[in-house]
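The values are calculated or read from the model by the stated rules, or taken from the named source; none is laboratory data. For clarity, every value in this text was computed on a predicted model and none was experimentally measured. Reconstructed Cβ throughout: ideal geometry from the backbone, glycine too, with neighbour counts over all protein chains shown. Heads up: the accessible areas ignore ligands, DNA and RNA and are worked out on the full protein's heavy atoms, side chains in. Shrake-Rupley method; radii C 1.70, N 1.55, O 1.52, S 1.80 Å.
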Amino acid sequence: MAVETAPAPTEAPAAKPHGGNVAGRARALTLLTPIRPFWVPFLWLVMRSARYHTYFRDHSLQFKFIYYVRWAIFREFAPNEKKKYSYLLFESNFDIPWRQYIDAFAYVIPKDIRVIWGRGFAFPGPPPAEPLKRWIAMNSLEGGHYHSAYPQASVKMTMAALEAHERLRELEQAAGSMSPAEFRTAFDAAVADLQLHL
């Protein structure tokens, strides 16, 4: 459940999300936070225009430890749930400890973080990262079930495997029109390239 008050500055750092939020190397972080009404149209515009104006998306994807990240705004809830505010849902999957993940966002793209959550309740804009970690721990949701198809594969390992697969497909498609000598040369070049992905 999201809260609307900040922890006291002297409060000890909250415990990290655990249990249903970890599968091998992969970790999940889910936040549900209320949004001040005047900030909802701006966030909606940012999210809707991201496919054309990729500033925020490209900033997030520069980190090579993120499997997946998304934001969504909830304005309507079940009929029996009365909410005073719209809520921002943030979901991310990554392969490093969650405290390092927050450090990266707090110190590398603090402006982006302040734009998205900066008008939220009790948001402690970064840097420093420690108050932000407490705020995230207070607003994070524990996953009931979290599954990763390849739990021991990091993002870099997955990207390398996809690049290796693409390189082998190129060799396979070209092989039909090659002489044995040409294939040997292409094969040796492919093996040299593939070593970069192993």
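Against the conditions (1) under 20 Å from R48 (Cα atoms); (2) surrounded by fewer than 15 Cβ atoms within 10 Å (Cβ to Cβ), F77 satisfies every one except (1).
Of all the numbered requirements in (1) under 19 Å from L132 (Cβ atoms); (2) in contact with a Pro (Cβ under 9 Å, 6 or more places away or on another chain); (3) at pLDDT 75 or above, A23 misses one, and that requirement is (1). Considering the stretch 99-198, the qualifying helices (runs of 4 or more DSSP H), each wholly inside and each with 2 or more residues that are touching a Pro at 6+ places or on another chain (Cβ under 7 Å), crowded, with 17+ Cβ neighbours inside 10 Å and hydrophobic (A, V, I, L, M, F, W, C), run over 130-139.
Taking R169, is it touching a residue at least 12 places away in the same chain (Cβ under 8 Å) and of a type in the set (D, E, K, R)? No.
In the stretch 84-98, the qualifying residues are those that are over 14 Å from the mean Cα position of the chain (by Cα) and not small (G, A, S), and the one that is most open to solvent (accessible area, probe 1.4 Å) is K84. When P110, P126, P131, P180 are checked against the criterion of being modelled with pLDDT of 85 or more, closer than 29 Å to F38 by Cα and not hydroxyl-bearing (S, T, Y), a single residue qualifies: P131. Within the stretch 30-58, being outside any helix (DSSP H, G or I), out of contact with any helix residue (DSSP H, G or I) (no Cβ under 6 Å at 6 or more places or on another chain) and modelled with pLDDT of 85 or more holds for T30, L32, P34, I35, R36.
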